[in-house]
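The values are calculated or read from the model by the stated rules, or taken from the named source; none is laboratory data. Here the structure is a predicted model, which means the values were calculated and not measured. Every residue, glycine among them, receives a Cβ derived from its backbone with ideal geometry; neighbour counts consider all protein chains shown. Each accessible area value is taken on the protein alone, full model and side chains, heavy atoms only, with ligands, DNA and RNA left out. Shrake-Rupley method; radii C 1.70, N 1.55, O 1.52, S 1.80 Å.
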Amino acid sequence: MRNRGSYSYGNEGPATAIAEQPQPLSADKKRPVLVTGASGLVGIHTCRELSKNGWQVRALIRDAAKAAMALGQLPVEFRVGDVRDATALRNSLNGCGAVVHLAAIAIERKGESYADSNTAATARLISAARAESVQRMIFMSQNGADSRSPYPFLHSKGVAQESVKTSGLRWTILRPSVIFGPEDQFVNVLGRLIRLTPKIFPLPGGGKTRFQPIAVDDVARVVRLSLEKKETVNQSYDLGGAVPLTLRQMTERILTAMGTERTLVAVPVKVLRPLVALAQRLLPNPPVTSSLLDLLALDNTVANNALTEYFKVVPIPFAADELQYLRRITAKNALRSLFERQ
């Protein structure tokens with residue numbers, strides 16, 4: 001994906017924003033922080049990071065049973081609802097001092113489109129925040145997100161990004177490269193595909209696309225620091241891990257972590273495209289979609305990494321020792337995941 005600068009101001013620089021905002025710019029720990037998408041990968045780690053650092057956390061979740069499994073050990077208040085429901089958003093935001101908006105979809109499914117779940121839901125959240133006098137917002141965007149992008153996912157996040165910038169709220173936008181951690185939707189997918197393809201593993205386009213994988217714990221830490229630092233108001237930050245890696249290099253590290261071997265074979269994307277389209281038609285939960293395959297044509301690295309340059313976080317490396325959760329993947333559960341309805 002196209003590289004972008006790490007820091008970008010909104011319509012006003014930080015000095016002007018401070019002068020025009022009579023209230024403190026950092027969020028108030030005495031009031032709850034609403035986390036949308038709280039039972040997802042980033043949501044779980046964000047709730048944990050905030051809770052252990054003294055924040056009151058309110059989690060907006062859709063499935064109470066799933067949330068109890070993921071967050072039950074934390075002192076988190078649950079609110080059941082959908083980010084596409086304006087009434088649920090207002091009820092969840094009532095009394096909050098800030099909102100961390102993580103809820104989004106990477107794959108479109110029946111009843112869930114990018115336009116509704118990523119773009120329109122963000123606009124509804126902004127309206128609800130205004131109505132409930134919640135002025136502080138952290139928005140999880142995506143490296144390469146752009147309203148002018150021809151790629152539907154990046155376009156949807158780009159439009160949402162713009163609505164946040166013009167919201168009148170005190171916003172911070174985070175734009176990470178691919179996030180890894182237990183139950184992530186990228187590295188775990190590669191791991192499952194490896195289990196399902198004995199001996200030979202196909203690499204789209206030879207695995208030349210570059211990523212800058214960032215650990216979910218590092219992302220969660222940046223969310224907390226963004227709430228605590230008044231200087232982050234009305235700024236965007238690109239986030240990446242320690243070093244850029246090609247898809248081939250990532251796959252090699254995944255194989256090491258899983259304790260297995262495969263012969264990596266370059267396969268043109270045009271050859272994979274009809275197979276991916278067929279999987280989309282036949283499988284309830286395809287591991288890859290045509291739109292995600294298209295994104296492999298774009299590098300996903302950051303030119304100026306705010307993780308290290310601004311937040312001064314030492315990145316957790318994308319290394320075998322940090323990927324041991326992949327050893328839990330078996331051929332049986334990898335196959336079962338293809339037929340699980342999300």
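Does Gly72 count as at pLDDT below 95, open to solvent by 20 Å² or more (accessible area, probe 1.4 Å), within 21 Å of Ala160 (Cβ to Cβ) and among the small types (Gly, Ala, Ser)? The answer is no for Gly72.
Of all residues in the stretch 77-92, those being within 10 Å of Ala128 (Cα to Cα), surrounded by fewer than 24 Cβ atoms within 10 Å (Cβ to Cβ) and small (Gly, Ala, Ser) number 2. Every condition in (1) within 19 Å of Val164 (Cα to Cα); (2) open to solvent by less than 70 Å² (accessible area, probe 1.4 Å) is met by Arg130 except one, and the failing one is (2). Just need a number here: residues in the stretch 307-329 that are under 15 Å from Pro182 (Cα atoms) and among the basic types (Lys, Arg). Here the count works out to 2.
Rundown of residues vs (1) in contact with a strand residue (DSSP E or B) (Cβ under 7 Å, 6 or more places away or on another chain); (2) part of a loop (DSSP other than H, G, I, E, B), yes/no style:
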| site | (1), (2) |
| --- | --- |
| Val42 | yes, no |
| Gly54 | no, yes |
| Gln73 | no, yes |
| Val83 | yes, yes |
| Val99 | yes, no |
| Ile105 | yes, yes |
| Ala115 | no, no |
| Ala123 | no, no |
| Ala128 | no, no |
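Would it be correct to say that Gly259 is closer than 30 Å to Ser163 by Cα and at pLDDT 95 or above? Considered against the rule, which asks whether it is closer than 30 Å to Ser163 by Cα and at pLDDT 95 or above, Gly259 comes out as no.
To keep it simple, each residue is scored yes or no on (1) within 24 Å of Arg224 (Cβ to Cβ); (2) under 20 Å from the mean Cα position of the chain (by Cα).
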site: Ala297; (1), (2): no, yes
site: Val313; (1), (2): yes, yes
site: Pro317; (1), (2): yes, yes
site: Ala320; (1), (2): no, no
site: Arg327; (1), (2): no, no
site: Thr330; (1), (2): no, no
site: Ala334; (1), (2): no, no
site: Ser337; (1), (2): no, no
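Checking the structure you have, find out if any residue of the stretch 12-32 is under 27 Å from Ser113 (Cα atoms), in contact with a Leu (Cβ under 9 Å, 6 or more places away or on another chain) and either modelled with pLDDT of 95 or more or not in a helix (DSSP H, G or I) (or both). The answer is no; no qualifying residue exists.
Residue count for the stretch 42-67 satisfying the condition of being touching a Leu at 6+ places or on another chain (Cβ under 9 Å) and either of a type outside the set (Ser, Thr, Tyr) or over 15 Å from Val99 (Cβ atoms) (or both): 15.
Screening Gly95, Gly144 for residues that are open to solvent by 30 Å² or more (accessible area, probe 1.4 Å), of a type outside the set (A, V, I, L, M) and on the phi > 0 side of the Ramachandran plot leaves exactly one candidate, Gly95.
Restricting attention to the stretch 307-321 and to residues that are open to solvent by 80 Å² or more (accessible area, probe 1.4 Å) and part of a helix (DSSP H, G or I), the residue that is farthest from Arg195 (Cα to Cα) turns out to be Glu309.
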